[in-house]
Amino acid sequence: MPTVSELPAVHAEDLTKSYRLGQHQTLNRTVRKLLRRDVTSLNPVLPAVDGVSFDIPRGVAFAIMGRNGSGKSTVCQMIAGITPPSGGRLQVRGHIIPILALGMGFNGELTGRENIVILGSVLGIPRDQTIAATPDIARFAEIESHIDTPMKRWSFGMGARLYVAMAICFDADVYIFDEVSAVVDDEFRERCMAEMKALAEAGRTVIFISHNMESVRELCTEGMWLDKGRLKSIGPIDEVTAAYEAAQHHVDA
Amino acid sequence: MHHPATKEALEDDYFSEHVLTPGGRRIQRKGEPPAEVRTYEAVNRRVALGDVFKSFDVTRTLASQAFKVRYKQSALGPIWLVAQPAVLLGVLTLIFSGVVAIKIPNHISYATFALVGLTVWGFFQVTLMTGGQAFVSNAALVRYFPTPRITFVLALLAVALLPLTLMLPATLIAAGLGPGFGLRTLVTPLLLAWIILFTGTVTLMLATITVRFRDLLSLVPFVLQVGLFVTPIAYPFSLAGHKIQVLLALNPLSGIIEAWRWAVLGLSPNVLALAVSGAATLLVAVAAWRIFVREEPLFADRI
């Protein structure tokens, strides 16, 4: 029986998620169904996450590594409570802020300030906290001069900055940053990494997904490597990144 | 990158309640694990009726922003709210009072009569047109954020309530100038609750089904167009022959409009229509909730 302080932020047992491939509603499918033909062959099942068990401890920066389509984002969608598992069990402790797709959810017609209010509310942040955090967010993202301009007039990079800054400045127990550093410049990325590190030091859990092994090693102390929906390796970050990189070079060669 | 001053402060703060971040923000140190634990398993149901009330804050925010978006970069803005029903009422009056002279019982003027039907119909139509797409038009929020999804329907319902609250006083003033008020007028708030419940649950059902079947994006506008004719909005029930009256009464919206005409104008309602509407309201409310609860968990995968 673990003591209270050892309870992990995320606990997954035999976690599984399957998807049906192919198009789900087509005229072709409807006609086949009416003629009582078999339609299951149109939609083969893909186990995107296949029986994965892991613990993410509280107060660490934890990396999830893997190639495209390895199940990283699906795991994160399940941790965020956006989609339920098809099998297994998942436990998440505390409030969670998931940044799963940079820039998604912004409305171009609304200003930066108005968009922060919307995303704050769908992230479950109380309205007064969202409004109080807005100056911090604008300062951190360095977009103060644009905060009251409709976001359709912003560059994509500025929107991305606002998105990441927003997550960093809102308070939560668990944060997910899924490939957030790809479109921002080095200076901003460095500042984000420093803030994420501070969040972990202050007892929050930061789940970090990136294909950049340098960033992963700089920020995270632990991590896991997923391959085709299965867990390949989990543990201290140096071991996991070494194993992952060795496998990548093997593929390249 | 180095921040000597903040770095020092960070170390000073190590045993204190707060952590000073390199970006200069003070955040509270979290010691004890959070009490809130959520468990996710392969279950089919995870929505509770309480979500409707719990999501009040999100709904308010989404509704006010949806309202803002609708009139962004629009020269007349919310004036459109009044202009649309006013023009429609004018056209109906011109045709059914000027071209085809329809006789309304109790010497009620055609404009007053049509205003009541249009108030109810307008709310129903606008809510279905916008709210029927509540989930698909917010696909990004559904797919990437953990907010209770019922909020997207509630927000658009709230936005559609605004024109209704503008039309309602106009309707009551017209009624006061025409047939006058009575005890029956006091039933109006109940009828308001009725039309909101019926419209809201129909919308929830359509929005839910649209996640899987985009066919409704083609079907709903068409049904609404037909609905304007097969619902007694522009003409009184009594004008139709007996057999047609029975057919019209099978339209669940007919009874609701009949009830409004009774409460506001004192016109005696078609009893069959009232019964059909009452039964349909209960049926739709239960069905809509059950369908939503069953489908909601997999919205992010299917949308």
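Read-outs: derived from the displayed coordinates by stated rules, not from any lab. Quick caveat: nothing in here was measured; it's all calculated off a predicted structure. Note: ideal-geometry Cβ built from the backbone for every residue, glycine included; neighbour counts use all protein chains shown.
Quick look at the values:
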{"quantity": "Dipole of chain B [Lys/Arg +1, Asp/Glu -1 at C-beta], most positive-end residue of B:LEU282, B:LEU154, B:ILE108", "calculated": "B:ILE108"}
{"quantity": "Order of A:CYS76, A:CYS169 under a 10 Å beta carbon neighbour criterion, fewest first", "calculated": "A:CYS76, A:CYS169"}
{"quantity": "When the protein assembly as shown is reduced to its Cα atoms, the Kirkwood hydrodynamic radius in Å", "calculated": "26.7 Å"}
{"quantity": "Percent of Cα-Cα distances greater than 18 Å, calculated over region B:117-246", "calculated": "62 percent"}
{"quantity": "Sequence-separation-based contact order of chain A, relative, with Cα cut under 8 Å and 6+ spacing, percent", "calculated": "26 percent"}
{"quantity": "Sorted by Cβ density within 10 Å, fewest first, the residues B:VAL19, B:VAL286", "calculated": "B:VAL286, B:VAL19"}
{"quantity": "Under 5 Å, built H, 5+ apart or other chain: amide partners of A:ILE207", "calculated": "A:PHE62, A:TYR175, A:ILE176, A:PHE177"}
{"quantity": "Region A:32-149 - percent relative contact order, Cα under 8 Å, separation 6 or more", "calculated": "16 percent"}
{"quantity": "Euclidean distance between Cα centres, region B:118-178 to region A:68-107, Å", "calculated": "31 Å"}
{"quantity": "Relative contact order for chain B, counting Cα pairs under 8 Å that sit 6 or more residues apart, in percent", "calculated": "21 percent"}
{"quantity": "Rounded FRET efficiency, nearest 0.05, which uses the C-beta distance separating A:LEU35 from B:THR39 and R0 of 41 Å", "calculated": "0.45"}
{"quantity": "Chain A - share of DSSP beta bridges that are antiparallel (%, nearest 5)", "calculated": "55 percent"}
{"quantity": "Unit Cα scatterers, Debye sum, region B:12-138: log10 I(q)/I(0) for q = 0.12, 0.13 Å⁻¹", "calculated": "-0.82, -0.89"}
{"quantity": "Shielding of A:186-199 by partner chains, average beta-carbon count, 10 Å", "calculated": "3"}
{"quantity": "Under Karplus coefficients 6.51, -1.76 and 1.60, residue-wise ³J(HN,Hα) of region A:216-223 in Hz, glycine/proline x", "calculated": "4, 5, 5, 8, 9, 9, 9, x"}
{"quantity": "Net dipole in debye of chain B [+1 Lys, Arg Cβ; -1 Asp, Glu Cβ; about Cα centre; nearest 20]", "calculated": "600 debye"}
{"quantity": "Neighbourhood charge, 9 Å Cβ-Cβ cut-off, centred on A:LEU90 and excluding it, Lys, Arg +1 and Asp, Glu -1", "calculated": "0"}
{"quantity": "Helix B:188-212 vs. chain B, principal-axis angle (Cα, 0 to 90°, nearest 10)", "calculated": "60 degrees"}
{"quantity": "Per-residue Cβ neighbour rank within 10 angstrom, fewest leading, B:SER277, B:SER218, A:SER86", "calculated": "B:SER218, A:SER86, B:SER277"}
{"quantity": "Sites A:ALA243 and A:GLU187, calculated FRET efficiency, Cβ-Cβ separation with R0 56 Å, nearest 0.05", "calculated": "0.95"}
